[in-house]
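Student: So that we are looking at the same thing, I have put the structure below in structure tokens.
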Amino acid sequence: MESYNFLYVNTLVQDYLKYICQEAQLAAAPNKVAEVLRKAGSSAQKEVEGNLRPYVDSLGIHSIEEAGNIFHQVMENEFADGKINWGRILTIFLFGGILAKKLQGPLAKENLKQISYFITDYIVSTKGKWISENGGWDNGFITKFEDRNSWVSLSTLKTKILAVFSIFNQYHS
């Protein structure tokens, strides 16, 4: 079961990162969850990236190791209060998209695989139980984000990402 969860989540993460990085000839979403994730995430991704541009531009990320360390530190801050909800699960994908775009270049395809691996590992190992207990991807995530009206809560999410990232940036610039 654990390996299935990892593979399923990795498919979602890889698809989202490829979609956000606008990889050429991207096929249709592999499943309904990925389709909803693309729609909900890309809507928030553009605004979050615009708000975070000064922070992202000042970050010197030159390797997957640096990206992984930054990712884990930001996620530690994001979930420091111990609260989890679907909006916060979405922030994991959004921040992963920011890192993937930051590392686009000659090794983009390999970088995406490695970034998707550490994001998947984080989701499965730290949020997997919560996801399962809260309807899973099909009954939890889709229910939350399939209806565009629920995206109103994304403004809170965007504010939270900006706050977490600015705190992180104070210590790493």
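The values are calculated or read from the model by the stated rules, or taken from the named source; none is laboratory data. Quick caveat: nothing in here was measured; it's all calculated off a predicted structure. As a convention, Cβ positions derive from the backbone with ideal geometry for all residues, glycine included, and neighbour counts pool all protein chains shown. Quick note on the areas: whole protein, heavy atoms, side chains included, nothing else; ligands and nucleic acids left out. Shrake-Rupley method; radii C 1.70, N 1.55, O 1.52, S 1.80 Å.
Student: Once the convex hull of the C-alpha atoms of region 55-120 is built, how many Å³ does it hold per residue, rounded to a whole number?
Tutor: Normalising the Cα hull of region 55-120 by residue number yields 83 Å³.
Student: Just how much of F93 is accessible, in Å², when a 1.4 Å probe is used and the result is rounded to the nearest 10?
Tutor: 0
Student: Okay, next question. If I take every Cα pair under 8 Å that is 6 or more residues apart in region 27-110, average their sequence separation and divide by the length, what percent do I get for the relative contact order?
Tutor: Once normalised by length, the contact order is 43 percent.
Student: Within the set K113/K144; K18/K46; K101/K127; K46/K129; K39/K83; K83/K109, which residue pairs have Cα atoms separated by over 22 Å?
Tutor: K113/K144; K101/K127; K46/K129; K39/K83; K83/K109
Student: Select from region 22-105 those trypsin sites (Lys or Arg not before Pro) which occupy a DSSP coil region and have at most 14 other Cβ atoms within 10 Å, ordered by residue number.
Tutor: Within region 22-105, the qualifying trypsin sites (Lys or Arg not before Pro) (loop, at most 14 other Cβ atoms within 10 Å) are K83.
Student: Once every Cα of region 9-90 carries one equal point scatterer and solvent is ignored, give the base-10 log of I(q)/I(0) from the Debye formula at q = 0.19, 0.23 Å⁻¹, two decimals.
Tutor: Debye intensities relative to I(0), on a log10 scale: -1.11, -1.39.
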